[in-house]
1. Quick test of your reading of the structure: R109 fulfils all but one of (1) surrounded by fewer than 11 Cβ atoms within 10 Å (Cβ to Cβ); (2) within 28 Å of S2 (Cβ to Cβ). Name the failing condition by number.
2. Output the qualifying pairs, or none if there are none: Cβ atoms under 6 angstrom, residues six or more apart or on different chains, first residue in the range 23-42 and more than 12 Å from Q124 (Cα to Cα), second residue in a strand (DSSP E or B) and of a type in the set (K, R).
3. Evaluate the following for T7: is it of a type in the set (S, T, Y) and part of a loop (DSSP other than H, G, I, E, B)?
4. Which members of the range 67-104 meet the condition of being surrounded by 10 or more Cβ atoms within 10 Å (Cβ to Cβ), farther than 24 Å from M117 by Cα and out of contact with any helix residue (DSSP H, G or I) (no Cβ under 9 Å at 6 or more places or on another chain)?
5. Any chance you could count how many residues in the range 102-126 are of a type in the set (V, I, T) and either under 17 Å from L81 (Cα atoms) or in a strand (DSSP E or B) (or both)?
6. Could you please find all residues in the range 105-124 being small (G, A, S), touching a strand residue (DSSP E or B) at 6+ places or on another chain (Cβ under 6 Å) and closer than 17 Å to R74 by Cα?
Amino acid sequence: MSIKFKTIARKNIQKPDAPAKWYATAVGDGETKLQDLAAYASETSTVSKADILAVLESCFTKVTKDLSEGRIVRVGEYFTLQMSLSSEASDKEEEVNASKIKKSKINFRPGKMLADMIKLATYQKK
């Protein structure tokens, strides 16, 4: 199966008088939910869907807890999650405190298995 894409026109904000150029952008083609993952795992193993859902919920609760404590979460060769911050600049180190933090986000880094999938991906215009 191929990754679907569509074309969109974008103007260069540094050259507002230049004509727009066309780019490919990925298009979502359905979605997979936790229930779908559990059903698939149940079909391909001897474990029930309810047991798989319980384990997944427990794992994701642990991921949330660990990220909130500043831990790096490595999920095998699939991916790594880590918190990152943006803050206001200060002239002196001692002026930097939690009130200077303006934004936090979770960084996602694909592991070997996902990176290999990306290398082998094919694309189809929608």
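Taken together, the values in this text are just the output of simple stated rules run on the coordinates, not laboratory data. Since the model is a prediction, treat every value here as computed from it, not as a measurement. All Cβ positions, even for glycine, are placed from backbone atoms using ideal geometry, and neighbour counts span all protein chains on display.
1. Condition not satisfied by R109: (1).
2. Filtered contacts from the range 23-42: Y23/R10.
3. Against the criterion (of a type in the set (S, T, Y) and part of a loop (DSSP other than H, G, I, E, B)), T7 does not qualify.
4. Those that are surrounded by 10 or more Cβ atoms within 10 Å (Cβ to Cβ), farther than 24 Å from M117 by Cα and out of contact with any helix residue (DSSP H, G or I) (no Cβ under 9 Å at 6 or more places or on another chain): L67, L85, S86, E95, V96, K100, I101, S104.
5. Taking the range 102-126 as the starting set, the residues that turn out to be of a type in the set (V, I, T) are 106, 118, 122.
Next, only the ones that are either under 17 Å from L81 (Cα atoms) or in a strand (DSSP E or B) (or both) stay: 106.
The total comes to 1.
6. Filtering the range 105-124 for residues small (G, A, S) gives 111, 115, 121.
Remaining after also requiring touching a strand residue (DSSP E or B) at 6+ places or on another chain (Cβ under 6 Å): 111, 121.
Once the filter is applied, which keeps residues that are small (G, A, S), touching a strand residue (DSSP E or B) at 6+ places or on another chain (Cβ under 6 Å) and closer than 17 Å to R74 by Cα, the range 105-124 yields only G111.
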